[in-house]
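Data block below; observations after.
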Amino acid sequence: MSDMITTDEATLRRDLAASYRLAAMMGWEDTLYTHFSVRLPGDGAPRFLINPFGLMFDEIRASDLIVVDMHGRVLEGSADYNLAGFTIHSAVHMARDDAHCVMHTHTLAGMAMAACDNGLLPLNQISAEFHQRLGYHDYEGVAFNLDERARIQQSLGDNMALVLHHHGLLSVGETVADAFQIMYYLNKACEIQLAAAQMASLTPVSTIPETLASYVCEQFKKVEHERHLVWQAWLRKLDRIDPSYRE
């Protein structure tokens, strides 16, 4: 386990709130209908922080986040949560001890790629990071059915991200920093694929060969410790713009 993983709830709240604000800046929000979560430390029954239903991403503060258990009970906070969000996030938190943070988005590029039968293609150095590290989950409708959790867990496996067909993207990480950077670059890879598809009628589009994609993926694994430095830079940027997420 990384020595950068915090067990301080105040820091987890700050980081999760920051991830919402940054996502809003990048245009990742879908009014009230996507969600990020982080598991809280402790020896008792698993609990996680998630956004209260009704707030836009650019409104969320650390103190707004609610605490939910794996049975769907709100343990702290007066607001409710999105039911589909609970199904998806609890599924991951129940199955992956290393997935302390889970992020789910409905971006244009992510949903466009999630509609492609071939999935994410190795078109660029960025997409090569996800070579054989990306799961796929078949669409079952809005995730109100808790029985779907077992199938989400199976689809994710030990991958660092998941494409929800006809739905969107999901990333997991040991820290908020990890999950955020994985989502950032997964979404970027989807944007590249969407742009390449638009160009395909004008010029041939090539993919990275399997052996080279595997090699580049291993190169990325060697620098994953840098995610913490990137996250600190994101926090500094957010503090310059609007530090109210810390409240």
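The values are calculated or read from the model by the stated rules, or taken from the named source; none is laboratory data. Keep in mind that what you see is a predicted model, and the values were worked out from it rather than measured. Using ideal geometry, Cβ is built from the backbone for each residue, glycine included, and neighbour counts are taken over all protein chains shown.
Scan the range 155-181 residue by residue and report those that are within 14 Å of Ser127 (Cα to Cα), without any contact (Cβ under 8 Å) to a residue 40 or more places away in the chain and in contact with an Asp or Glu (Cβ under 9 Å, 6 or more places away or on another chain).
The answer is Met160, and nothing else.
Can you confirm whether the range 216-238 contains a residue that is within 30 Å of Leu65 (Cβ to Cβ), of a type in the set (Val, Ile, Thr) and not in a loop (DSSP other than H, G, I, E, B)?
yes
I need the helices (runs of 4 or more DSSP H) fully contained in the range 86-192, keeping only those with at least 3 residues that are surrounded by fewer than 16 Cβ atoms within 10 Å (Cβ to Cβ). Let's see the steps before the verdict.
Numbers: elements: 108-114, 125-128, 148-156.
Answer list for the range 86-192: 148-156.
Limited to the range 31-67, what total is found for residues that are closer than 16 Å to Met103 by Cβ and surrounded by 18 or more Cβ atoms within 10 Å (Cβ to Cβ)?
Going through the range 31-67 one residue at a time, the tally reaches 13.
Considering each residue of the range 89-119, count those that are under 16 Å from Met183 (Cβ atoms), of a type outside the set (Gly, Ala, Ser) and touching a strand residue (DSSP E or B) at 6+ places or on another chain (Cβ under 6 Å), and give that number.
The total comes to 10.
Out of the residues in the range 154-168 that are of a type in the set (A, V, I, L, M) and more than 14 Å from Glu129 (Cβ to Cβ), state the one that is nearest to the chain's Cα centre (by Cα).
Start the filter on the range 154-168 by keeping residues that are of a type in the set (A, V, I, L, M), which leaves 156, 160-164.
Subsequent filtering for residues that are more than 14 Å from Glu129 (Cβ to Cβ) retains 156, 162-164.
Working: Leu156: 12, Leu162: 9, Val163: 11, Leu164: 12 Å.
So the residue we want is Leu162.
Return the pair list, or none, for Cβ contacts closer than 7 Å from residues in the range 16-44 that are of a type in the set (Asp, Glu) to residues that are part of a loop (DSSP other than H, G, I, E, B), at least 6 apart or on different chains.
Glu29/Met56; Asp30/His106
Could you identify the single residue in His71, His104 that is on the phi < 0 side of the Ramachandran plot, in contact with a Leu (Cβ under 7 Å, 6 or more places away or on another chain) and not hydrophobic (A, V, I, L, M, F, W, C)? Spell out the reasoning first.
Values: His71 fails: in contact with a Leu (Cβ under 7 Å, 6 or more places away or on another chain).
Every option except His104 fails the conditions.
Of the conditions (1) modelled with pLDDT of 95 or more; (2) of a type in the set (A, V, I, L, M); (3) more than 19 Å from Leu12 (Cβ to Cβ), Leu202 fails just one. Which one is it?
Evaluating Leu202 over (1) modelled with pLDDT of 95 or more; (2) of a type in the set (A, V, I, L, M); (3) more than 19 Å from Leu12 (Cβ to Cβ) leaves (1) as the failure.
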